[in-house]
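To start, the structure itself, in structure tokens.
The values are calculated or read from the model by the stated rules, or taken from the named source; none is laboratory data. Fair warning: this is a prediction, and the values are worked out from it, not measured in the lab. Cβ placement follows ideal geometry from the backbone for every residue including glycine, while neighbour counts extend to all protein chains displayed.
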Amino acid sequence: MNTIIKFFVWITILVFLLLVTLFKITDLKGALRIIGLVALIVSLLWLLFDKWLWKIKYIKAFVKRPNLNGTWTGELVPFRKEGRHIELVIKQSFTKINCVFRSQTGTNTSFSGEVMYFPDRNIKKLIFNYDYFSIDNPRNPQHSGTCYLDISENERTPNTLRGVYWTSKQRPTRGTINLTFCKKQTFDSYQGNLNCP
């Protein structure tokens with residue numbers, strides 16, 4: 001993130017110098033007048049970057065942020081229990097990530113999350129905290145938990161998420177999660193069989 005901040009500081013300086021040159025400003029009063037315009041242009045560039053530009057192939061390599069947007073399918077396996085099919089829907093901008101796990105029995109919705117990059121080991125992780133809401137299942141009451149997933153990439157495109165989860169002390173469980181990217185399309189409910197590779 002520090003690299004991005006430095007980048008936008010340089011963009012701000014360049015936009016300011018460009019406007020000074022375009023408007024042929026030679027005094028401090030004129031320079032102060034264009035500060036609002038500089039702020040507007042840089043803000044619009046930031047919005048474009050946050051929503052779309054960071055996903056462009058060459059920019060994505062620079063910012064080291066994988067694009068995880070879409071629907072992922074796989075299995076959640078609680079410790080000493082049988083696994084079950086799950087779907088993970090990720091909606092992501094550069095600064096925010098929203099993760100929603102769905103299964104036949106309920107929905108987990110993230111309330112905080114981050115994609116982290118560890119350059120010394122060239123590892124990327126998706127880490128998020130969630131709340132679970134059960135669908136008429138008294139054996140599985142509402143609770144909170146955390147997911148800690150390794151992001152595996154194939155030619156700079158994320159294709160698997162594997163890791164662990166654990167839940168709060170209201171319902172202490174832990175287990176593993178294995179997911180494969182399914183499709184860019186996202187869904188608002190559990191689909192069951194998406195015919196993914």
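List of remarks:
- Count of region 146-187 residues, restricted to those that are in a loop (DSSP other than H, G, I, E, B) and touching a residue at least 60 places away in the same chain (Cβ under 8 Å), is 6.
- Any hit, region 93-104, residues being of a type in the set (F, W, Y) and in contact with a Ser or Thr (Cβ under 6 Å, 6 or more places away or on another chain): no
- Per the conditions (1) on the phi < 0 side of the Ramachandran plot; (2) surrounded by 15 or more Cβ atoms within 10 Å (Cβ to Cβ), the sole criterion not satisfied by K81 is (2).
- Of the residues examined, W54 is one that is in a helix (DSSP H, G or I) and surrounded by 12 or more Cβ atoms within 10 Å (Cβ to Cβ).
- If you check K29, K57, K81, K6 for being outside the structural domain of L149 (by TED's automatic domain parsing) and touching a residue at least 24 places away in the same chain (Cβ under 8 Å), only one passes: K57.
- Check on R65, loosely packed, with under 14 Cβ neighbours inside 10 Å and not assigned by TED's automatic domain parsing to the domain that holds F7: no
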